[in-house]
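What follows is one structure encoded as structure tokens, with my remarks underneath.
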Amino acid sequence: VDTALLAEAGEKLREEEHLPKGRYSAILLGGDTIEYELDIMKLDFAFREIRRVCEQSGAKILVTTSRRSSKALEGLVKKHFGKNPHCALLVIANEQNKEGMVYGMMDLAEAIVVTEDSISMISESIQSGKPVLVLQAGRTPVRPKYERFQQILRLKNYAAMVTSTEVGHELASVFQHQRSLNPCSDRERLAHQLAGA
């Protein structure tokens, strides 16, 4: 993920979906794994909070599920965002999944909310340079390596770890420019070290 890739994907998504310029928040949803299960009740509360904050901030919402998302989660997403006037784009990955759409959402978004179950999805969100809120909405705890990953993000202030009851407050802080996160510069540091090798 780099600036050029995101900008190209964002422009493509804006044109294809006829999205006007303005404020956007992206919600990237993963799904259950063998050892982890998302809590539908927690997500229900989180979606209500995200909707409330976006409505108050005048931000439109871009939402996508993943191929791992359960039918229950897809149903909940449709309930909250399917006919919501503040939702500019809803993508159910198991029904449609255009190439580069997630990158386009990242580019257009002023803030990104991503569920904690995917290290790759979180990493790509952080590389976008946008404020990232990692939503801890599991019925079961994450695996130890995921927990260590979250601890690193928290210590370096690359992302905010938020529960379903905290996500609204933290998202509002981002929109009000009261919540700042450090940009992740690992790509530049790695390139520098490889060049000196």
The condition of being out of contact with any helix residue (DSSP H, G or I) (no Cβ under 6 Å at 6 or more places or on another chain), small (Gly, Ala, Ser) and under 20 Å from Val162 (Cα atoms) holds, among Gly58, Gly31, only for Gly31
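Taking the condition of being among the basic types (Lys, Arg), under 22 Å from Ser70 (Cα atoms) and at pLDDT 90 or above, how many residues in the stretch 120-175 meet it? First the steps, then the outcome.
Within the stretch 120-175, the first condition is being among the basic types (Lys, Arg), and the residues that meet it are 130, 139, 143, 145, 148, 154, 156.
Of the ones still in play, those that are also under 22 Å from Ser70 (Cα atoms) are 139, 143.
Add one more test, that the residue is at pLDDT 90 or above, and what stays is 139.
Going through the stretch 120-175 one residue at a time, the tally reaches 1.
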List, please: which pairs have Cβ atoms under 6 Å, are six or more places apart or on different chains, and start with a residue in the stretch 20-40 that is within 12 Å of Ile61 (Cβ to Cβ) and end with one that is open to solvent by 60 Å² or more (accessible area, probe 1.4 Å)? Tyr24/Lys60
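With the condition being buried (at least 18 other Cβ atoms within 10 Å of the Cβ) and small (Gly, Ala, Ser), I'd like the strands (runs of 3 or more DSSP E) fully within the stretch 1-104 carrying at least 1 qualifying residues. Before you say what the answer is, go through the steps one by one.
Numbers: elements: 24-28, 60-64, 87-91.
In the stretch 1-104, 24-28, 87-91 are the strands (runs of 3 or more DSSP E) which contain 1 or more residues that are buried (at least 18 other Cβ atoms within 10 Å of the Cβ) and small (Gly, Ala, Ser).
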Can you pull out the residues in the stretch 99-114 that are more than 21 Å from Lys21 (Cα to Cα) and at pLDDT below 95? Glu99
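Residues are listed down the side, and each one gets a yes or a no for (1) among the aromatic types (Phe, Trp, Tyr); (2) closer than 27 Å to Pro20 by Cβ:
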{"position": "Ser70", "(1), (2)": "no, no"}
{"position": "His80", "(1), (2)": "no, yes"}
{"position": "Lys83", "(1), (2)": "no, yes"}
{"position": "Gly129", "(1), (2)": "no, yes"}
{"position": "Ala137", "(1), (2)": "no, no"}
{"position": "Arg143", "(1), (2)": "no, no"}
{"position": "Tyr146", "(1), (2)": "yes, no"}
May I ask you to list the residues in the stretch 124-149 that are of a type outside the set (A, V, I, L, M, F, W, C), open to solvent by less than 40 Å² (accessible area, probe 1.4 Å) and under 18 Å from Val1 (Cα atoms)? Ser125, Ser128, Pro131
When the residues of the stretch 105-122 are narrowed to those that are open to solvent by 40 Å² or more (accessible area, probe 1.4 Å) and part of a helix (DSSP H, G or I), which ends up nearest to Ser173 (Cα to Cα)? Asp107
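Would you please name the residue that is farthest from Val142 (Cα to Cα), looking only at residues in the stretch 161-178 that are among the hydroxyl-bearing types (Ser, Thr, Tyr) and open to solvent by 20 Å² or more (accessible area, probe 1.4 Å)? Steps first, answer last, please.
Initially, the stretch 161-178 is screened for residues among the hydroxyl-bearing types (Ser, Thr, Tyr), giving 163-165, 173.
Next, from what is left, pick out any that are open to solvent by 20 Å² or more (accessible area, probe 1.4 Å): 163, 165.
Details: Thr163: 13, Thr165: 18 Å.
It comes out as Thr165.
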The residue that is most open to solvent (accessible area, probe 1.4 Å), considering only those in the stretch 150-160 that are assigned to a loop (DSSP other than H, G, I, E, B) and touching a helix residue (DSSP H, G or I) at 6+ places or on another chain (Cβ under 6 Å), is Tyr158
Of the conditions (1) of a type outside the set (Phe, Trp, Tyr); (2) in contact with a Gly (Cβ under 6 Å, 6 or more places away or on another chain); (3) in contact (Cβ under 8 Å) with a residue 60 or more places away in the chain; (4) closer than 20 Å to Glu147 by Cβ, the single one that Leu108 does not satisfy is (4)
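The values are calculated or read from the model by the stated rules, or taken from the named source; none is laboratory data. All of these numbers come straight from a predicted model, not from anything done at the bench. Note: ideal-geometry Cβ built from the backbone for every residue, glycine included; neighbour counts use all protein chains shown. Areas reflect the complete protein model, heavy atoms only, side chains present, ligands, DNA and RNA absent. Shrake-Rupley method; radii C 1.70, N 1.55, O 1.52, S 1.80 Å.
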